[in-house]
Amino acid sequence: MSTVEADTAAPEVPRPPSGMSDRARKARKALSNPWASTLAVIIAILWTIPTVGLLVTSFRPELDVRQSGWWTVFGDALAGEGVFSLQNYETALFDGSTDLATYFVNSFVVTLPAVFIPIVIALLAAYGFAWIDFRGRDFLFVAIFALQIVPIQITLVPLLSAYVDMGINGTFWTIWLSHSIFALPLAIFLLHNFMKDIPRSLVEAARMDGAGHVQVFFRVVLPLLTPALAAFGIFQFLWVWNDLLVALIMGNPDTFPLTVRVAELAGSRGGDWHVLSAGAFIAMIVPLIVFLSLQRYFVRGLLAGAVKG
Amino acid sequence: MTIRMASKRRAIAVAATGASLALVLAACADTDDGGGGEDEATGASAIDCSVFEEFGDLEGTEVSVYTTIVEPEAETQTASYVPFEDCTGVTINYEGSREMEAQLPVRVQAGSPPDIAILPQPGLLQTLVRDYDAVLPAPEQVEANVDEFWAPEWKEYGTVDGTFYAAPLGSNVKSYVWYSPSMFEEAGYEVPQTWDEMMELTATIAEGNEGAARPWCAGVESGDATGWPGTDWIEDVVLRSAGPDVYDQWYTHEIPFNDPQIVEAFDTAGDILKNPDYVNGGLGGVDSIATATWTDAGYPILDQNCWMHRAANFYQTQWPEGTEVSPDGDVYAFYLPAIEGDEKPTLVAGEFIGAFTDRPEVQAFQTYLSSDAWANAKAEETPAGGWVSANNGLDPELLATDFDRLSAEILADPATVARFDASDLMPAAVGTDSFWNGMTEWFASDETSQQVTDKIEDSWPSK
Amino acid sequence: MEWLLHAGDDPGHKIMLMFIAIVLFVALMGLILFVVDRPRNPSRWFVGFGFVGAALVLLTLGLLYPAVRTIGNSFMNRNSTEYVGLDNYVRAFTEPQFLIVLGNTALWVLVAPLVATFFGLAYAYLVDKSRFESVAKGLVFLPMAISMVGASIIWKFVYEFKPVGVEQTGLLNQFIVWLGGEPQQFLISAPLNTFLIMVVFIWIQAGFAMTLLSASIKAIPDDITEAARLDGVSGLGMFWRITIPSIRPALVVVLTTIAMTTLKTFDIVRTMTAGQFDTSIVALEFYDQQFRQGESGLSAALAVLLFVIVIPVIVYNVRQMRISEEVR
């Protein structure tokens, strides 16, 4: 794929002018003035410092955390007296009645369907709202968009009652279903926006050729939405992975994900929060991997050359 | 016991659990054969299994418990259920969540309540009874246990509108002042026995203020419950300056919240807490009380920046690992003295057991939790200490630390006049809202005691 | 049936259930699409419903019904047993603290989305196509991977106060001390504290804005940038004249989404100050009334109020959609 290449700033590869390798790199140079780079570095540092603080904290003994700032460890380490310990991680990882692996399994079992299902439903709906001209379409779309403001908390009692009536409460099914419902308004809204960026002529050309909506959806629209899907997929993954509310209300101890465990680390009276720093890092690793690995679907120029305007 | 204290908590906890578990297993094995069990009560956690016979054969049944108690305290909770599980063959499904108080009403309304909930305060019980009509009255066996093992006040806290619902479980003693015995000894100070002595000592210490050091330290920050440690301070003083009768009228709103006697109590507390020469050792000025985390607020004692810190018995578990809690160690606590008279006004709190179903195994478990057998089993399963109960069947010798025994002593002392934490008994709009906020405003702004109490009075629900 | 519902604590069983769920779901959606695709000349409504039907059904049951119920509850008493008319709304607007709460909420919804989007956009644009793009974006994305409560705890550390004479543990106060100033109690002085709490939200949401805007910057057709370059546009001019107009719809979407999130987010304020020191916002009041005070009527009224606040945002979006529809 010629498109990935712009990302990687690989050695010069000769390309026909329709590609973007050479000129894209020239463009880059024009932009890289020192001010821009400085600004980027400043933002990166500002955004990273608190996280670094958390990371350093997670390796410090409880009393040190409360008595001196985390930045002092650098000076102490130079003086050869820095104290690092794995105690917090040990507590976070092994100090529970249930094995941590169980929570990881639960997190995965909860998350994968709760990402896949709403994305598929939202993709279809977004396509419907963007490209099928049926009656009441605009009204329905605005209504769904407005539903984003509904706080999840007000839905808990009605949903849980329904699950109890159906006899499926406390199972993974209710958790998947709940997450799917809560994700839909935003998913439809975002994907619809990306979907509308696809040039009308592209879809219409395919329709002229006699393709039904289902074919257009799979053959034309879906491939063009890769970056949008990656972007939304990352967030849906993150939200489900980090969810505590739905997990606690809809689940039971057999389905509890990692967040439940991490939340417990603060202790009954909230006094053990130094352990939280370690727990937070353990819980962060997976979303970060997902983010970095989905990055490569953030590709440029999928539309290049496919259509004019 | 002292050896336990000094050595590593975790290893001992495991070992102790294992040991008593083995004993219990042995005891119950005997019981199964002999059908009796009274004679085997020699082992550490052996309990009398025959008590549960009247509930029928419970083998294989399950009881779900929902609570705010999470790790590491959850371990000692579940361990204390083992004798019951061994006796009856019931499996206890334990679920702890710090969000339990918010989520229990949701589950109740949705029709999937747990069998039993350990309610951290009577206010929640009242809400569940009055708003959702969800809690079932306590079975007669539980009521009999409570009549036998608990003082009538405690039964009263588990009673709503004349019906007894919830037996008390653990208890907290809140009227403590933490201090450093070694610092006191070095400086030649004595533990004050009266309020006046305490104020004199405070003045003496304040003369030597240096840098950030002050006689007292305090902190009321506690996440979304910020303010509660401040309400405890006020309650302790009301109990001392105005007396238990006024205290009762105060939380039942027979007198208004801004009654002159209450305002006076605020001012008495303010003599310490709003005096920049007396607070806030190692933590800043008066306003820093509003933002200092309650879990760390006593730590300046360890740095010798603070001399006294008023906090409940469970603050014992907040000290950093390696701190020696003993009458001649790094830290210990003395009883917050009375202002006058020989009585010992004491602020207490505790958890309660609410049941939402009435299957025999649930009632059997409720009966167990309200018994002396549970209290003793729990004491044995808490080798690191930090737990006590006002259950008078509790054998103080089984408690892990000197300090826990001191708490048990205070609870059992005939001179003790115990009153439950008033903010837990007031309507939620006051007890978990305006009273908390009022305290932080009192510390963080220039508002007078009168202004703060007026505002809280305004927020009292009219119904 | 039992096997399909409850996996107990057997990990293998759980994973099986997960795959079964996905397969069942794919089969169901496949069936729907198959049926939609069958007729030679289906009505548009039939096809349309085939595509959006699943979403509509789920949303009606899962969100619309509870929302309508909440509107109903807002006219009822604390445990929804009695009709009380507009009492809850009157209460919401007469509670002494409430003007502050409304003011804070307005401040949040005006400031937080703009600033978060600004940083996200600037950063996405600056690191676009750079050598370290992936890692650089990872750094700003990190805060998103921390829960809101976790993030709030981190920032509480940053703002922590220790008096003169005691070693500072909060980074911000340490800086002030290094510069020769007096340590400050940041979280108790309004209105500064509201902005400092907003920083936490912005710190988190900038990653969201960056990710979506980055995807959208990459979707700008090269022909456009190329043409602009041939016209001699570069640097900031490129940013303002080419990038911004090209991703305008995405910007509106990101701003809107963050604004909605702003209105709903309560855990940050709850963790940082519990709404004290004049920092409370409507979402937190709603949560407190519902879950701590058990005031279902009043909390429902507050939830409805959230909805009212968001109406201008919706109207703006509808107009934007109309405009882009005309352009298309």
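Readers should treat all values here as calculations from the given coordinates under stated rules, not as data from a laboratory. Bear in mind the structure is a predicted one, so any value in this text is a computation, not a measurement. When we count neighbours, we look across all protein chains shown, and the Cβ atoms used for this are built from the backbone with ideal geometry, even at glycine.
For the protein assembly as shown, the equivalent ellipsoid derived from the Cα gyration tensor has semi-axes of 53, 35, 28 Å, listed largest first. Please list the non-local residues whose amide H lies under 5 Å from the amide H of residue B:307, H modeled 1.01 Å from N, same-chain partners needing a gap of 5 or more. Long-range HN contacts for residue B:307: B:214, B:216, B:217.
For region A:110-158, the Cα-based Rg and Dmax, in that order, read 13.4, 36 Å.
Sequentially through region C:58-73, phi angles give Karplus couplings (6.51, -1.76, 1.60; θ = phi - 60°) of 4, 5, 4, 6, x, 10, 5, 4, x, 5, 5, 4, 5, 4, x, 4 Hz, Gly and Pro residues having no value and appearing as x. Averaged over the residues of peptide B:64-70, the number of Cβ atoms from other protein chains lying within 10 Å of each residue's Cβ is 3. Look at the stretch C:252-265: the mean tally of other chain Cβ atoms within 10 Å of its residues' Cβ atoms is 3. Taking chain C as a Gaussian network of alpha-carbon nodes connected by springs under 10 Å, the highest mean-square fluctuation of the residues C:195, C:132, C:49 belongs to C:49. I want to make sure I understand the PRE zone here: with the label point 7 angstrom from the Cα of residue A:142 toward its beta carbon, which residues in region C:299-328 have backbone N atoms less than 19 Å away? Answer for region C:299-328: C:307-328. Computing FRET efficiency as 1/(1 + (r/R0)^6) for residue C:308 and residue A:133, where r is the C-beta to C-beta distance and R0 is 25 Å, gives about 0.20. The alpha-carbon positions of region B:202-248 define a convex hull whose volume is 69 Å³ per residue. The mean number of Cβ atoms from other chains found within 10 Å of a Cβ in peptide B:283-290 is 4, as a whole number.
Give me the number: length gained by fully extending residue B:209 to residue B:412, i.e. 0.36 nm times residue separation minus the C-alpha to C-alpha distance, one decimal in nm.
Working: separation 203, 0.36 × 203 = 73.08 nm, distance 3.82 nm.
Between residue B:209 and residue B:412, full extension yields an extra 69.3 nm.
The convex hull built on the alpha-carbon positions of chain B has an orientation-averaged projected area of 21.2 nm².
Expressed in nm², what is the orientationally averaged projection area of the convex hull enclosing the Cα positions of region A:98-297? Could you put the intermediate results ahead of the total?
Values: hull surface 54.4 nm².
With the hull built on Cα positions only, its mean projection is 13.6 nm².
Cβ-to-Cβ counts within 10 Å put C:308, C:177, B:286, B:452 in ascending order as C:308, C:177, B:286, B:452, the fewest first.
With a cut-off of at most 11 other beta carbons within 10 Å, and DSSP calling the residue loop, which GluC sites (Glu not before Pro) in region B:218-284 qualify? Please list them.
Values: sites: B:221, B:235, B:254, B:264; in loops: B:254.
In loop regions of region B:218-284 (DSSP not H, G, I, E or B), the sparsely surrounded GluC sites (Glu not before Pro) are B:254.
Among B:87, B:217, B:49, sorting on how many other beta-carbon atoms sit within 10 Å of each Cβ, with the fewest leading, yields B:49, B:87, B:217. For residue C:179 and residue C:107, the difference between the fully extended length at 0.36 nm per residue and the C-alpha to C-alpha distance is 22.9 nm. A dipole drawn for the protein assembly as shown from +1 and -1 charges on Cβ atoms has a positive end, and of B:110, B:60, C:269 the residue lying farthest that way is C:269.
Which whole-number percent is the relative contact order of chain C (Cα, under 8 Å, 6+ apart)? Please list the in-between numbers first.
On the way: 328 pairs, mean separation 78.7, N = 328.
For chain C, the relative contact order is 24 percent.
In summary, the aspartates and glutamates within cross-link reach of residue C:162, defined as a Cα separation below 13 angstrom excluding same-chain residues under 8 places away, comprise B:287, B:296, C:182. In this rough spin-label picture, where each label sits 7 Å from Cα along the Cβ direction, the residue C:35-residue A:205 distance is 3.5 nm.
Counting every pair of alpha carbons in chain C, the share spaced more than 39 Å apart comes to 33 percent.
The simple Förster model, with R0 at 22 Å and r as the Cβ-Cβ distance, assigns residue C:132 and residue C:234 a FRET efficiency of 0.50.
Give the residue list of GluC sites (Glu not before Pro) in region B:313-377 that are DSSP loop and have at most 13 other beta-carbon atoms within 10 angstrom. If you can, show how the numbers build up before the last one.
Working: sites: B:321, B:324, B:340, B:343, B:351, B:361; in loops: B:321, B:324, B:340, B:343.
Here the GluC sites (Glu not before Pro) that fit, given the DSSP loop and packing criteria, are B:321, B:340.
Where only DSSP H runs of four or more residues are counted, chain C gives -22500 deg cm²/dmol as its mean residue ellipticity at 222 nm, each run worth -39500 (n - 2.57). Taking Cα atoms only, the orientation of helix B:9-34 departs from the longest principal axis of chain B by about 30 degrees.
Arrange the following residues from fewest to most other Cβ atoms within 10 Å of their Cβ: B:155, C:162. Could you put the intermediate results ahead of the total?
Numbers: B:155 17, C:162 24.
Ranking B:155, C:162 by Cβ neighbours within 10 Å, fewest first, gives B:155, C:162.
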